[in-house]
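K.L.:
Take a look at this one; I'll ask things after.
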Amino acid sequence: MKILVINTGSSSIKYQLIDMEGKEVLSKGLLERIGLPNPVLNHKLNDGKIHVIQAHIKDHEEGMKLILDTLLDEKLGAIKSLSDIDAVGHRVVHAGEKYASSVRITSDVINALEECSELAPLHNPPNLMGISAAQKLLPDVPHVAVFDTAFHQAMPPKAYLYAIPMSFYDKYGIRRYGFHGTSHRYVARRAGEMLGKNWRVLKIVTCHLGNGASMAAIDKGKSVDTSMGFTPLEGLYMGTRCGNIDPAIVIFLEEKENLTPQQVYDLLNKKSGMLGASGVSSDMRDIEDHSANGDKRARTSLEMYAYQIKRYIGSYVAAMNGIDVLVFTAGIGENSPLIRKMVCENMDYLGIEIDESKNEVRGKERIISSDNSKVEVMVIPTNEELVIAEDTEKIVKEGIEELPIV
Ligand code: ADP
C-alpha cells in the first residue's frame with residue numbers, strides 16, 4: 001500500500017510518499033511560500049538530490065496539484081498514476097477532547113475539527129485547507145487524520161486541569177492538551193522495540209527537543225503528563241518561545257512597556273526562548289558555537305535549557321514512581337551530545353548515567369547510557385510521518401473509522 005503523508009502549514013505543504021511494504025520513502029519534499037511571492041518546491045529525488053521547482057502557487061489546492069504532478073512526473077516522480085496512491089494521511093494539530101486516536105476523515109470529523117480551530121488558530125485552519133485540497137484532487141481514496149494532541153488524551157484530570165475557575169474549562173475548554181503526541185508515541189514504542197521489551201510495561205520519559213520542544217511521561221504506553229499545555233507555549237523554553245514563566249510577567253510587561261496583549265503574546269512566542277535568553281540566535285548550533293567561544297550569556301542559556309529538562313525529568317520520575325527509559329529526539333535531542341550530557345550530569349541518584357563515548361552520536365538510534373546506569377538512555381530519531389502512514393494503513397486495511405486506543 002502506498003500512502004501519501006501530508007503536513008500542511010499556513011503557507012507550506014510537507015509531503016512524503018511511503019510504500020508500506022518495505023516502509024520505504026519513495027519521495028518527499030516541501031512546498032513553501034504558498035500565496036506569497038516566489039513559492040518554491042524542494043522535491044527530494046531517490047538519489048537524495050533536491051530538485052527545486054518554482055511556480056506561481058496562489059493557494060493550497062494549486063500547491064497540492066503541483067506536488068501530485070511532480071510525483072507523477074516521469075523523471076522526478078515515484079508513481080505512474082494517481083490511482084497508485086492508496087490513501088492519504090494528514091497531520092492535524094488539534095483535536096481538542098474529541099479524538100484520542102487517529103480517525104478516517106468524514107464530514108463529521110471536518111465539523112469537529114472546525115470547532116477545534118479556536119483552540120489552534122494558527123494550525124487547524126491550514127490543516128483543514130490541506131485536507132480539503134487533497135480530498136478534491138484525490139476524491140476516491142480514504143483520508144485519515146492523525147492528531148498531535150491524541151496521544152496525550154490519556155492524561156488524568158490532575159495532570160491536565162489548571163487551577164483557574166473550572167467555569168473556564170467548561171466554557172472554553174481551557175486545559176492542558178499537549179502536542180508532539182505522534183513523536184512521543186513513536187519514540188517510546190521504538191525504545192521498547194530496541195530494548196526487546198514491550199513499551200507497555202515501561203516507564204519512559206521522552207524529550208522532543210526541536211525548535212518546538214516538549215517532554216512526556218509515558219507510563220505503560222500511556223501519556224500521563226506532558227510539558228506543553230493549552231497551547232504549545234507552555235513547558236520547556238524553545239527556539240523563540242518562552243515556555244514556563246510567571247503569568248504575572250505578562251501584565252507587568254503590558255503596563256511597563258505599554259504593550260498590547262497581542263504584542264506581549266508575539267514577544268513570548270517569537271522573541272523569547274533561546275533567542276531571548278542567549279541574545280544570539282534561536283538555533284542551538286549557533287548558541288553552542290558562541291558558548292564555546294566564551295560568550296557567557298550563550299553559556300548561561302545552555303545551562304538554563306539543560307536545567308529545565310532536568311527538572312521535568314525529576315517531576316516525571318516522581319509522577320510515575322520511577323523511570324526505566326529516557327529518550328532524546330528531534331533536532332537538538334538527536335544531534336547535541338552537549339545538551340544530552342548537561343541534562344544527564346549529576347543524575348546518578350535517579351540511576352541515570354551516560355557513557356560519554358556512546359553519547360558522541362548524531363541523528364542515529366543508539367543506547368547512550370553507561371553499563372552501570374539503571375536507566376536506559378537512548379537517542380531515537382523521530383519519524384512522525386511513518387506513524388501517520390501506519391495509522392492510515394491500519395484504518396484502511398481494517399475498514400474502521402477510528403483506531404482503538406490500546
Ligand atoms: P522543528 O521543531 O522545526 O522540526 P528540528 O527538530 O529540526 O525543529 O530541530 C531544530 C533544532 O535542532 C535547532 O535548534 C537546531 O539548532 C538543532 N540542531 C540541529 N542539528 C544540530 C546539531 N548538530 N547540534 C546541535 N543542535 C542541532
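The values are calculated or read from the model by the stated rules, or taken from the named source; none is laboratory data. In this text the structure is predicted, and so the values were computed from the model without any measurement. Ideal geometry is used to build each Cβ from the backbone, glycine not excepted, and the neighbour counts take in all protein chains shown. SASA here: full protein model, heavy atoms, side chains in, ligands and nucleic acids out. Shrake-Rupley method; radii C 1.70, N 1.55, O 1.52, S 1.80 Å.
K.L.:
From the gyration tensor of the Cα coordinates in the stretch 176-320, what semi-axes in whole Å does the equivalent ellipsoid have, largest first, with each one equal to sqrt(5λ)? Could you put the intermediate results ahead of the total?
P.N.:
Values: eigenvalues 185, 74, 28 Å².
Ellipsoid semi-axes (Å, largest first): 30, 19, 12.
K.L.:
Related question: Read phi for every residue in the stretch 365-377 and hand back ³J(HN,Hα) as whole Hz from Karplus 6.51 cos²θ - 1.76 cosθ + 1.60, θ = phi - 60°, with x for Gly and Pro.
P.N.:
Coupling constants for the stretch 365-377: 5, 6, 8, 10, 6, 7, 5, 7, 5, 7, 9, 7, 9 Hz.
K.L.:
Something else: Output wanted: per-residue J couplings in Hz (rounded whole) for the stretch 261-278, from phi through Karplus 6.51 cos²θ - 1.76 cosθ + 1.60, θ = phi - 60°, x for Gly and Pro.
P.N.:
Once θ is set to phi - 60°, the couplings for the stretch 261-278 become x, 5, 5, 5, 4, 5, 4, 6, 8, 10, 10, 10, x, 4, 4, x, 6, 8 Hz.
K.L.:
At 7 Å along the Cα-to-beta-carbon direction for both LYS220 and ASN372, put a label point, then send me their distance in nm to one decimal.
P.N.:
3.3
K.L.:
Shifting gears a bit: To the nearest whole percent, what portion of all C-alpha pairs in the chain is separated by more than 40 angstrom?
P.N.:
On the way: 13271 of 82215 pairs.
Everything past 40 Å amounts to 16 percent.
K.L.:
Using helices alone, what [θ] at 222 nm do you get for the chain, with -39,500 (n - 2.57) per DSSP H run of 4 or more residues, divided over all residues and rounded to the nearest 500?
P.N.:
Numbers: 14 runs with 151 residues, N = 406.
After summing the helix terms and dividing by the residues of the chain, the value is -11000 deg cm²/dmol.
K.L.:
Using 7 Å Cα-to-Cβ label points, what is the LYS397/GLU21 separation (nm, one decimal)?
P.N.:
Label-label distance for LYS397 and GLU21, simple model: 1.4 nm.
K.L.:
Could you work out what % of the accessible surface of the stretch 181-264 is carbon and sulfur, using a 1.4 angstrom probe and leaving DNA, RNA and ligands out of the count?
P.N.:
Details: 1870 of 3490 Å².
Carbon plus sulfur share of accessible area: 54 percent.
K.L.:
Still on this structure: For a protection proxy built on the mean count of beta-carbon atoms within 10 angstrom, sort 285-295, 62-72 highest first, please. Please list the in-between numbers first.
P.N.:
Working: 285-295: 15.6, 62-72: 20.7.
The most tightly packed comes first, giving 62-72, 285-295.
K.L.:
Can you list the equivalent-ellipsoid semi-axes of the stretch 1-144, largest first and in whole Å, using the square root of 5 times each Cα gyration tensor eigenvalue? Intermediate values should be presented prior to the final figure.
P.N.:
On the way: eigenvalues 124, 69, 31 Å².
Three semi-axes, in Å: 25, 19, 12.
K.L.:
What does the extension gain come out to for ARG297 and ASP170, with contour length at 0.36 nm per residue minus their alpha carbon separation? Write down the numbers at each step before the final one.
P.N.:
On the way: separation 127, 0.36 × 127 = 45.72 nm, distance 4.30 nm.
Once the chain is fully extended between ARG297 and ASP170, it gains 41.4 nm.
K.L.:
Once you have the Cα-Cα distance between GLU257 and LYS58, take 0.36 nm times their residue separation minus that, and quote the gain in nm to one decimal.
P.N.:
Values: separation 199, 0.36 × 199 = 71.64 nm, distance 3.86 nm.
Additional length available on full extension: 67.8 nm.
K.L.:
What ranking, highest mean first, results for peptides 48-55, 334-341 when packing means the other Cβ atoms within 10 Å averaged over each residue? Provide the component values of the computation, followed by the final result.
P.N.:
Details: 48-55: 11.4, 334-341: 20.4.
Sorting 48-55, 334-341 by mean packing, highest first, produces 334-341, 48-55.
K.L.:
Also, quick follow-up: Using a cut-off of 29 Å between alpha-carbon atoms, which lysines can reach LYS220, once sequence neighbours fewer than 8 places away in the same chain are excluded?
P.N.:
LYS23, LYS98, LYS158, LYS197, LYS203, LYS310, LYS341, LYS358, LYS364, LYS374, LYS394, LYS397
K.L.:
Mind giving me the FRET efficiency for ARG200 and VAL40? R0 is 51 Å, r the Cβ-Cβ distance, nearest 0.05 is fine.
P.N.:
On the way: r = 43 Å, r/R0 = 0.85.
Efficiency, from the Cβ-Cβ distance: 0.75.
K.L.:
7 Å from Cα along Cα→Cβ at both SER281 and ILE245: what's the point-to-point distance in nm?
P.N.:
It works out to 2.3 nm between the two label points.
K.L.:
Taking only protein heavy atoms into account and a 1.4 Å probe, give the accessible area per residue of the stretch 249-394 in Å².
P.N.:
Numbers: 7530 Å² over 146 residues.
Normalised by residue count, the accessible surface of the stretch 249-394 is 52 Å².
K.L.:
Moving on. Could you tell me the distance between the Cα centroids of the stretch 352-373 and the stretch 1-33, to the nearest Å?
P.N.:
The distance from the Cα centre of the stretch 352-373 to that of the stretch 1-33 comes to 31 Å.
K.L.:
Roughly how far apart, in whole Å, are the Cα centres of the stretch 183-222 and the stretch 91-155?
P.N.:
Spelled out, the Cα-based centre of one part sits 23 Å from the other.
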